[in-house]
1. Given bins 5 angstrom wide, list per bin the percent of all Cα-Cα distances in the chain, short to long.
2. Taking only DSSP H segments of four or more residues, each worth -39500 (n - 2.57), what value at 222 nm results for the chain once the sum is divided by all its residues, to the nearest 500 deg cm²/dmol?
3. Using the alpha-carbon atoms, what tilt in degrees (0 to 90, nearest 10) does helix 127-150 show relative to the longest principal axis of the chain?
4. May I ask for the distance between the Cα centers of the range 32-64 and the range 201-220, given as a whole number of Å?
5. Among Y161, N200, W57, whose Cα lies farthest out toward the positive end of the dipole of the chain, if unit charges sit on the beta carbon of Lys, Arg (+1) and Asp, Glu (-1)?
6. Taking the Cα centre as origin and putting +1 on Lys and Arg beta-carbons and -1 on Asp and Glu beta-carbons, what dipole magnitude results for the chain, to the nearest 20 debye?
7. Mean separation of Cα pairs under 8 Å and 6+ residues apart, divided by the residue count of the range 5-227: what relative contact order is that in percent?
8. Extension gain Q205-K103, at 0.36 nm per residue separation less the Cα-Cα distance, in nm?
Amino acid sequence: MPDSVYEALKGGAPEAWRGYVAHPFVRALADGSLPEACFRHYLGQDYLFLLHYSRAWALAVVKSTEVEDLRQAAAAVDLLLNHELDLHVKYCAGWGLGEQDLKALPEADANRLYTRFVMDAGLTGDLLDLLVALIPCSLGYAEIGRRLLADPATRLDGNPYRDWIEMYGGAEFQDGAEMSRRQLERVAAGRGLVGDLAGNPRWPQLLGLFETACCLEIGFWDMGLSAAEAAG
């Protein structure tokens, strides 16, 4: 198994990981064929997701014992609530979704299942459990954005989703995701996950958390696509 805990997690759940990062929703973003109703539905639910994602990082503050982890988790909460959320609201406005519209949205089942799973992982486990449940979001989106930007098959000119692709493939998001990856590796090493990961008694549980989170990400994409069926 690779030395990197993150790479080992991906390697241990290949079908779930591929199903997530190469989902039909992602492919439709890449070629611009995604119906606008699907994207608007996804954007609205992603606003609600960001609120719960912020709560999960706030829980990471509580679960942290090292000063470095406390600071990183607190910085993540600040970034999400005081920067990312405002940017998301402004972006949604360009798609006809005002802030009051976003606040009034009912939470989709796929959103509820995913966010409550992450919170439960943190409440019942330690910081490492919580980070493993969180990273498919940040690192998965970073990988998607990076891959789509580098893929010559991705249509950028005239693609209504170009801004989305460039945001997640851009340096700012990539740098933030890399910080999360390094934190995961550091926290895992501090809890003895080095060398033979498969032989570590914690590994099956951590891999299970990661795989479930990836499956719930797939469900989130599926939720976005379901808007086309509802509109039809």
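What follows is calculated from the coordinates using simple rules that are stated; it is not laboratory data. For clarity, every value in this text was computed on a predicted model and none was experimentally measured. Reconstructed Cβ throughout: ideal geometry from the backbone, glycine too, with neighbour counts over all protein chains shown.
1. In whole percents, the pair-distance histogram is 1, 7, 14, 18, 21, 18, 11, 7, 3, 1, 0.
2. Details: 12 runs with 177 residues, N = 232.
Helices in the chain give a 222 nm mean residue ellipticity of -25000 deg cm²/dmol.
3. It works out to around 50 degrees.
4. Value for the Cα centre distance between the two parts: 18 Å.
5. N200
6. Working: 20 positive and 33 negative charges, 37 e Å.
Using only the charged Cβ atoms, the result is roughly 180 debye.
7. On the way: 224 pairs, mean separation 82.2, N = 223.
After rounding, I find 37 percent.
8. Working: separation 102, 0.36 × 102 = 36.72 nm, distance 3.51 nm.
Working it through step by step, the gained length comes to 33.2 nm.
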